[in-house]
Every structure is written in structure tokens, then in C-alpha cells.
Amino acid sequence: QQPVQSPQAVILREGEDAVINCSSSKALYSVHWYRQKHGEAPVFLMILLKGGEQKGHDKISASFNEKKQQSSLYLTASQLSYSGTYFCGTDIQGAQKLVFGQGTRLTINP
Amino acid sequence: DSGVTQTPKHLITATGQRVTLRCSPRSGDLSVYWYQQSLDQGLQFLIQYYNGEERAKGNILERFSAQQFPDLHSELNLSSLELGDSALYFCASSVRVSGELFFGEGSRLTVL
């Protein structure tokens, strides 16, 4: 039931764009995205509910394709502060529990 | 500060021992989640409570148990500890089931 994230790691230069993908083998009610910096707790970024919506704030946005059971997180013009590990969490319909993927480690270099 | 309080922050104990981790959710949040994060690993879902009742279970070992009390704080009990139980244990709370999660700073357990 654990979603699969790809890629596992990304290294970028400041200002470059990144896409992180999350896919599930089960029908999803919602997808969550969180960022965790080293030694800190995960911090909420956004929730996407079924309905194929796209959300975003600042230069971070995400999409959710419920038919394909996939979500993607888009980081544009990356900043040094974007570094960290990104986790997608999936809420499988009927399960009422949030299960996280293995994470994608994003490193932004100057 | 997420508003979620976890104690203790650090705990060192020996194999075979039992420990209790405590979590106070944000004011008004009814849902409490427990996650285990081993070194450089993902967040493994353990268990979820909503307003005192267990709502969902993950890969929680039989040696582990949890409960949520009437004042909504939660405790995770880990017994017969093994070396492999060493990890960071996060508690998170949300207003509703599957809502936005607010994570505590975690309790780092080291089993020697």
C-alpha cells in the first residue's frame, strides 16, 4: 500500500526546476506532500483531493490524477531553502490512514 | 512550533526494556497519528486515533501498543525492546481524519 516515489534523489543548481512523482496501486482519496529538513520534523506543503485538482503556493505546485492514481510535485526556480526530503502521503479510499512513500531527497546547490 | 508536544525528546534504554512515549496534540485536534522513522528511512505508519478511538493500524508490532486518552493526549508503549526498535518516533495531529498533519519534534529512542 506504500506509494512509490521517483526519483529517489535529485541534485540541482539554484534556479533549476524539479519534478517529484508519486504513484499508488490503489484508488486514492487524497494525496499529501510534506518536506522534511535534516534533523527536523516533516512540514506540510499541500493536500490534493480526488477530482484532479492542481494546487500551488509560491513556486511549489502539485497535480493529482486520480484515474492514474498519481501525483506530481513541481518546484520551479528552486531556492536553497527547498533542500530536504520530500514525502508524498496517500490516503487510500476507505483506509483512513496516511501512508508515506520512501521520500525523495532534493539537494539544491548554489 | 507545530503545537504538537512530544516527550521525551531523547531516550536511551537497554534491550528487553519497556518505554512510553507521550504526545500532546494541537489544541482542538482530535486525530493523533504515530510514525516510526529509522535512520535515513521513510515514515512508517504505526497507528491512528480519532477522539479516543483507534481508527487505523499500520505495521505496528505486537510488542507496541498505543492509546488516546479522554484529554486527547496519546501514549505509545514499546515493550521487549530490540536493537532494531531504535528510531525517531513522530506523533502528528490533525483536526480531522486524513487532514493536514502537524508533526511534533519526535522522540529519539536508542536501544543499546
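The values are calculated or read from the model by the stated rules, or taken from the named source; none is laboratory data. The model shown is predicted, which means the values in this text are computed figures rather than measured ones. Positions of Cβ are backbone-derived with ideal geometry, glycine not excepted, and every protein chain shown enters the neighbour counts. Just so you know, the surface numbers come from the protein's heavy atoms only, side chains and all, with ligands and any DNA or RNA stripped out. Shrake-Rupley method; radii C 1.70, N 1.55, O 1.52, S 1.80 Å.
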- Query: What about residue A:44, is it of a type in the set (A, V, I, L, M, F, W, C) and either more than 10 Å from chain B (Cβ to nearest Cβ) or open to solvent by less than 20 Å² (accessible area, probe 1.4 Å) (or both)?
  - Reply: no
- Of the residues A:53, A:14, which single one is over 20 Å from residue A:99 (Cβ atoms), at pLDDT below 90, open to solvent by 20 Å² or more (accessible area, probe 1.4 Å) and touching a strand residue (DSSP E or B) at 6+ places or on another chain (Cβ under 8 Å)? A:53
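Going by what's in this entry, would residue B:59 be described as over 19 Å from residue A:99 (Cα atoms), within 14 Å of chain A (Cβ to nearest Cβ) and modelled with pLDDT under 95?
On the way: over 19 Å from residue A:99 (Cα atoms): no; within 14 Å of chain A (Cβ to nearest Cβ): yes; modelled with pLDDT under 95: yes.
No.
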- Conditions: (1) over 13 Å from the mean Cα position of the chain (by Cα); (2) of a type in the set (A, V, I, L, M); (3) surrounded by 16 or more Cβ atoms within 10 Å (Cβ to Cβ); (4) at pLDDT 95 or above. Residue B:83 meets all but one. Number of the miss? (3)
- Task: Report the residue count in the stretch B:38-74 for those that are assigned to a strand (DSSP E or B) and crowded, with 16+ Cβ neighbours inside 10 Å.
- Result: 13
- Subset of the stretch A:86-104 (residues that are touching a Gly at 6+ places or on another chain (Cβ under 8 Å) and either more than 14 Å from chain B (Cβ to nearest Cβ) or surrounded by fewer than 22 Cβ atoms within 10 Å (Cβ to Cβ) (or both)): A:97, A:102
- Note on residue B:45: of the conditions (1) within 11 Å of chain A (Cβ to nearest Cβ); (2) touching a Gly at 6+ places or on another chain (Cβ under 6 Å); (3) modelled with pLDDT of 95 or more, unmet is (3)
- Would you call residue A:68 on the phi < 0 side of the Ramachandran plot, charged (D, E, K, R) and within 14 Å of chain B (Cβ to nearest Cβ)? no
- Look at residue B:97 and say whether it is away from chain A (no Cβ under 14 Å) and in contact (Cβ under 8 Å) with a residue 24 or more places away in the chain. no
- Message: Step by step: first the residues of the stretch A:7-36, then only those that are more than 14 Å from the chain's Cα centre (by Cα) and within 12 Å of chain B (Cβ to nearest Cβ), then the one that is nearest to residue A:66 (Cα to Cα). Which residue is that?
- Response: A:28
- Message: Scan the stretch A:7-20 and tell me whether some residue there is in contact with a Gly (Cβ under 8 Å, 6 or more places away or on another chain) and not in a loop (DSSP other than H, G, I, E, B).
- Response: no
- Note on the structure: Of (1) part of a loop (DSSP other than H, G, I, E, B); (2) among the basic types (Lys, Arg); (3) touching an Asp or Glu at 6+ places or on another chain (Cβ under 8 Å), residue B:22 satisfies every one except (1)
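Taking the stated definitions as given, is residue A:4 more than 10 Å from every other protein chain (Cβ to nearest Cβ) and in contact (Cβ under 8 Å) with a residue 60 or more places away in the chain?
Values: more than 10 Å from every other protein chain (Cβ to nearest Cβ): yes; in contact (Cβ under 8 Å) with a residue 60 or more places away in the chain: yes.
Yes, satisfied.
Is it true that some residue in the stretch A:71-79 is out of contact with any Phe, Trp or Tyr (no Cβ under 9 Å at 6 or more places or on another chain) and open to solvent by less than 10 Å² (accessible area, probe 1.4 Å)?
yes
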